[in-house]
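S.K.: Let me begin by handing over the structure; questions about it come next.
The values are calculated or read from the model by the stated rules, or taken from the named source; none is laboratory data. Small disclaimer: the values here were computed from a predicted structure and weren't measured. Because the Cβ atoms are built from the backbone with ideal geometry, glycine has one as well, and the counts that use them run over all protein chains shown. Heavy atoms of the whole protein, side chains included, go into the accessibility calculation; ligands, DNA and RNA do not. Shrake-Rupley method; radii C 1.70, N 1.55, O 1.52, S 1.80 Å.
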Amino acid sequence: MSSYRVAIIPGDGVGIEVATEAAKTLQTVADKHGFRVEMENFNWGCDYYLKNGVIMPARALDILQEFNAIFLGCIGDANKVPDHISLTLLLAIRKGFDQYINLRPIKLYPGVESPVKTATPETVDMVVIRENTEGEYSAAGGFFKLGSPDAFAIQTGIFTQKGCERAIRYAFELARKRKKFGDKAPVGMVTNCTKSNALNYSMVFWDSVYKKVAAEYPDVKTDVALVDALTMWFVKNPEYFDVIVASNLFGDIITDLGAMLQGGMGFAAGGNINPENIYPSMFEPIHGSAPKYAGKAIVNPIAAIESIRMMLDHLGEEQAALDIQKAVVKTLTLGKVKTADMGGTSKTHEMGDVIRKAISGK
Ligand code: IPM
Ligand code: MN
């Protein structure tokens with residue numbers, strides 16, 4: 001019997017509610033598919049910081065290293081701890097575990113309404129591959145002459161050959177696997193999200209790596225869009241896109257727009273992946289911790305449940321992952337249970353319960 005150890009970090013705000021639904025759903029599919037999961041909760045986050053002066057223990061990565069995968073609810077509550085401190089938890093795990101791919105599927109499920117008119121289940125089916133460990137998030141820089149009229153700040157993006165190449169290569173491999181255009185070449189397309197007209201070093205370098213990698217994938221269509229124009233195309237012609245590869249910051253920005261295409265933040269899940277499995281990968285809903293909704297059981301748990309689906313896919317439990325997706329689609333298509341973001345009154349746990357019932361048949 002396969003067995004997995006999963007670390008659960010519920011985090012702050014609504015993270016606790018959605019983590020509960022994620023964990024319960026993981027248990028339901030494990031029971032159905034006959035594998036074991038051993039989950040352990042870690043109460044790291046803003047309350048932990050207020051008590052201990054750190055957002056997670058110094059040994060956090062050593063502790064997490066023993067797990068097969070990590071689920072993160074959401075982190076941050078600016079009323080308790082400034083965001084640039086609390087979010088070091090997320091960024092330290094991404095970097096420390098070399099989770100260099102941020103995988104963000106953008107798919108609109110039937111029964112879900114997007115605020116974007118052009119978005120329908122037929123038109124929205126794409127994946128953003130976001131470089132996740134360097135680029136604009138390299139944390140290189142400093143403050144100078146603070147407190148004087150000459151004060152200034154420097155924030156430097158670092159783009160390495162290896163860092164760009166492995167993200168771009170992952171995108172091409174994924175397009176090859178997805179085969180959005182069918183079996184005959186081109187089987188898919190990788191859109192290079194860039195801004196080399198203005199960022200004349202970093203993005204020109206990024207483009208050159210894209211070109212080099214693309215040459216190794218003659219069966220996959222190449223495509224390029226400047227990040228500003230790409231936001232326009234996402235809205236105007238979402239059906240055009242297959243796989244998009246973007247730097248850390250650009251990927252961050254365009255995936256919030258992507259979340260709207262897929263019906264809102266309540267549906268958007270992401271994986272922070274270390275493809276070599278040297279370190280555990282981490283899966284999370286991409287929404288924030290929404291402290292004002294905390295404890296009210298009104299947020300949509302689907303993004304968290306979808307993160308579990310992605311985790312299972314990564315762990316090689318594809319059937320279990322598919323089962324979650326089928327149950328989510330069934331629940332949404334029936335449309336009886338709708339959380340507040342969908343215009344309904346169902347509670348977080350009611351949505352979770354219905355999805356689990358669709359999985360187990362009980
Ligand atoms: C995300 C978030 C994070 C990011 C923040 C919370 C640091 O917006 O995962 O998209 O910018 O990567
Ligand atoms: Mn973001």
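S.K.: Is it fair to say T333 is in a helix (DSSP H, G or I), among the β-branched types (V, I, T) and within 16 Å of ligand 2 (Cβ to nearest atom)?
M.R.: Against the criterion (in a helix (DSSP H, G or I), among the β-branched types (V, I, T) and within 16 Å of ligand 2 (Cβ to nearest atom)), T333 does not qualify.
S.K.: Can you work out which of the residues in the range 336-358 that are charged (D, E, K, R), free of Cβ contacts under 8 Å to residues at least 40 places away in the same chain and not in a helix (DSSP H, G or I) is farthest from Q262 (Cα to Cα)?
M.R.: Among those residues, the one meeting the criterion is K336.
S.K.: What are the residues in the range 143-189 that are among the basic types (K, R) and closer than 17 Å to N132 by Cα, if any?
M.R.: The answer is K162, R166, R169.
S.K.: Looking at (1) buried (at least 19 other Cβ atoms within 10 Å of the Cβ); (2) more than 17 Å from V18 (Cα to Cα); (3) out of contact with any Phe, Trp or Tyr (no Cβ under 7 Å at 6 or more places or on another chain), find the lone condition where L315 falls short.
M.R.: Here L315 meets the rest and fails (3).
S.K.: Would you please name the residue that is least open to solvent (accessible area, probe 1.4 Å), looking only at residues in the range 101-123 that are touching a Lys or Arg at 6+ places or on another chain (Cβ under 7 Å) and more than 15 Å from M265 (Cβ to Cβ)?
M.R.: If we take residues in the range 101-123 being touching a Lys or Arg at 6+ places or on another chain (Cβ under 7 Å) and more than 15 Å from M265 (Cβ to Cβ), then N102 is least open to solvent (accessible area, probe 1.4 Å).
S.K.: Output the number of residues of the range 343-362 satisfying the condition of being open to solvent by 40 Å² or more (accessible area, probe 1.4 Å) and either in contact with a Cys (Cβ under 8 Å, 6 or more places away or on another chain) or not basic (K, R) (or both).
M.R.: Matching residues across the range 343-362 total 8.
S.K.: Next question. Does the range 97-114 contain any residue that is without any contact (Cβ under 8 Å) to a residue 40 or more places away in the chain and farther than 21 Å from A139 by Cα?
M.R.: No, that holds for no residue.
S.K.: Looking at the range 288-312, which of its residues are open to solvent by 50 Å² or more (accessible area, probe 1.4 Å) and of a type in the set (D, E, K, R)?
M.R.: Selection gives K292, K296.
S.K.: Identify the residue in the range 257-277 that is within 15 Å of ligand 1 (Cβ to nearest atom) and among the polar types (S, T, N, Q) and, among all such residues, is nearest to I70 (Cα to Cα).
M.R.: N272
S.K.: Would you point out the residue of the range 236-259, among those that are open to solvent by 60 Å² or more (accessible area, probe 1.4 Å) and away from ligand 2 (no atom under 16 Å from the Cβ), that is nearest to D125 (Cα to Cα)?
M.R.: Out of the qualifying residues, it is E239.
S.K.: Mind checking whether some residue in the range 278-296 is over 30 Å from S202 (Cα atoms), within 16 Å of ligand 1 (Cβ to nearest atom) and in a loop (DSSP other than H, G, I, E, B)?
M.R.: Scanning the range 278-296 turns up at least one residue that is over 30 Å from S202 (Cα atoms), within 16 Å of ligand 1 (Cβ to nearest atom) and in a loop (DSSP other than H, G, I, E, B).
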